[in-house]
Amino acid sequence: METKTAKTLDGKALAEKIHQELTSQITELQTKIGRPPGLAVLMVGDNPASAAYVRNKEKACAKVGIASFGQHFPQETSQEELEDVIESLNQDALVDGILVQLPLPEHLDAVKLLHQIAPDKDADGLHPVNLGRLVRGERGLRSCTPAGVMRLLQEYEISLRGKQAVVVGRSILVGKPMALMLLEADATVTIAHSRSHELKSITKNADVLIAAAGLPGLITADMVKPGAVVVDVGMNRVTDANGKSRLVGDVQFASTAGVAEYITPVPGGVGPMTVALLLQNTVASYLQTAKEQGKLNDK
Ligand code: NAP
């Protein structure tokens, strides 16, 4: 019997396409606006994973023509110092997006810092004002990872209307905004979490299954409805038997690909889409500011 294999939702290719579109858009707008868009990524301490993510974001900025105003602070930086930096970036006319790379060292109040970012420069879409806009279905900056998932589903013309969507995970970063975006797209949404009973009986109903728990291999093929769309948000670093470190998702890819219709790989699925949407949010803020300043009146 022939073994079925799911089609890949190629986030890497789509992110590349978005980068190219942004590059042309920025080239065209810069002459009218008189400056490039600017993004400030703030990082505190020496977490190697965070450092890699920040490098990645800055490289992507350089590629599309976004100026980076990132700053790297020592581990012992105080809350007050960071609040002052955010305040001056809020006022800086060259900066359109501000992002605080998480996690932060324990002595810092991450939520307070995130709340201090001006909502219209909140490139990560995590400020309560932007989350409130999402709840209300109003325009606003959307959280990059779930917005990246939505964009990926849209690219492959996967309809969500009336579908059963299950989100595994309820974090403010991924699970909750993801569920709201699926709801906005008319899916019937269930959110599962660590206290949910019989996860399999929940995931088995999903036409669209989004795994965002941060547990390698949590979702196995027998938990997936045949023909489902499976999106793996998980990014977990594991060490294999040879002592080599690699990145895996929350879904057991090989076996699940035999059941699902579509599946995202890790790496190369949701990760690159998160960065692409971060750049897109920065450009959206840049455009909005230019419009408010009357610099695009001829458009
Ligand atoms: P998080 O804050 O740790 O949240 C994990 C969520 O999963 C929680 O809601 C938790 O439930 C739930 N959960 C834990 N164990 C579970 C289980 N056995 N069954 C069902 N639900 C369970 O993590 P996060 O920030 O949302 O990130 C989730 C994963 O996505 C991580 O691997 C992270 O690295 C990855 N991520 C990837 C990207 C990307 O760009 N690809 C971006 C962000 C995050 P409770 O609420 O009950 O504790």
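For region 193-236, how many residues meet the condition of being in a loop (DSSP other than H, G, I, E, B), among the polar types (S, T, N, Q) and either more than 10 Å from the ligand (Cβ to nearest atom) or within 21 Å of Arg161 (Cβ to Cβ) (or both)?
Within region 193-236, residues that are in a loop (DSSP other than H, G, I, E, B), among the polar types (S, T, N, Q) and either more than 10 Å from the ligand (Cβ to nearest atom) or within 21 Å of Arg161 (Cβ to Cβ) (or both) number 2.
Being within 20 Å of Asp232 (Cβ to Cβ) and open to solvent by 10 Å² or more (accessible area, probe 1.4 Å) is the filter here; which residues of region 9-35 pass it?
Asp10, Lys12, Ala13, Glu16
Which condition number in (1) open to solvent by 30 Å² or more (accessible area, probe 1.4 Å); (2) under 20 Å from Met43 (Cα atoms); (3) touching a residue at least 40 places away in the same chain (Cβ under 8 Å) is the one that Arg142 fails?
(2)
Out of (1) open to solvent by 70 Å² or more (accessible area, probe 1.4 Å); (2) free of Cβ contacts under 8 Å to residues at least 40 places away in the same chain, what's the single condition that is false for Gly227?
(1)
Considering every residue within region 247-266, establish whether at least one is surrounded by 20 or more Cβ atoms within 10 Å (Cβ to Cβ), within 11 Å of the ligand (Cβ to nearest atom), under 20 Å from the mean Cα position of the chain (by Cα) and among the polar types (S, T, N, Q).
There is at least one residue in region 247-266 that is surrounded by 20 or more Cβ atoms within 10 Å (Cβ to Cβ), within 11 Å of the ligand (Cβ to nearest atom), under 20 Å from the mean Cα position of the chain (by Cα) and among the polar types (S, T, N, Q).
Answer with yes or no whether Leu126 is assigned to a loop (DSSP other than H, G, I, E, B), within 12 Å of the ligand (Cβ to nearest atom), closer than 29 Å to His115 by Cβ and open to solvent by 70 Å² or more (accessible area, probe 1.4 Å).
For Leu126, the condition - assigned to a loop (DSSP other than H, G, I, E, B), within 12 Å of the ligand (Cβ to nearest atom), closer than 29 Å to His115 by Cβ and open to solvent by 70 Å² or more (accessible area, probe 1.4 Å) - is not met.
Here are some conditions: (1) part of a loop (DSSP other than H, G, I, E, B); (2) closer than 15 Å to Leu152 by Cβ; (3) of a type outside the set (Asp, Glu). Asn242 meets all but one. Which one does it not meet?
Among (1) part of a loop (DSSP other than H, G, I, E, B); (2) closer than 15 Å to Leu152 by Cβ; (3) of a type outside the set (Asp, Glu), the lone unmet condition for Asn242 is (2).
Go through (1) open to solvent by 30 Å² or more (accessible area, probe 1.4 Å); (2) touching a Leu at 6+ places or on another chain (Cβ under 8 Å); (3) among the charged types (D, E, K, R); (4) within 12 Å of the ligand (Cβ to nearest atom) one by one and return the number of the condition Asp186 breaks.
That leaves (4) as the condition not met.
Within region 93-123, how many residues are open to solvent by less than 60 Å² (accessible area, probe 1.4 Å), part of a loop (DSSP other than H, G, I, E, B) and small (Gly, Ala, Ser)?
Going through region 93-123 one residue at a time, the tally reaches 2.
Consider only pairs whose beta carbons are under 6 Å apart and that are at least six residues apart or on different chains; among these, list those whose first residue lies in region 67-79 and is aliphatic (A, V, I, L, M) and whose second residue is open to solvent by less than 30 Å² (accessible area, probe 1.4 Å).
Correct list of pairs: Ala67/Gly38.
Going through region 129-184 one residue at a time, which ones are within 20 Å of Pro119 (Cβ to Cβ), over 11 Å from the mean Cα position of the chain (by Cα) and assigned to a helix (DSSP H, G or I)?
Answer for region 129-184, where residues must be within 20 Å of Pro119 (Cβ to Cβ), over 11 Å from the mean Cα position of the chain (by Cα) and assigned to a helix (DSSP H, G or I): Val129, Asn130, Leu131, Gly132, Arg133, Leu134, Val135, Arg136, Lys176, Leu180, Met181, Glu184.
The values are calculated or read from the model by the stated rules, or taken from the named source; none is laboratory data. Bear in mind that the values here come from a model prediction, so they are computed numbers and not experimental data. Cβ atoms come from the backbone with ideal geometry, glycine included; neighbour counts cover every protein chain shown. Note: areas computed on protein heavy atoms with side chains; ligands, DNA, RNA excluded. Shrake-Rupley method; radii C 1.70, N 1.55, O 1.52, S 1.80 Å.
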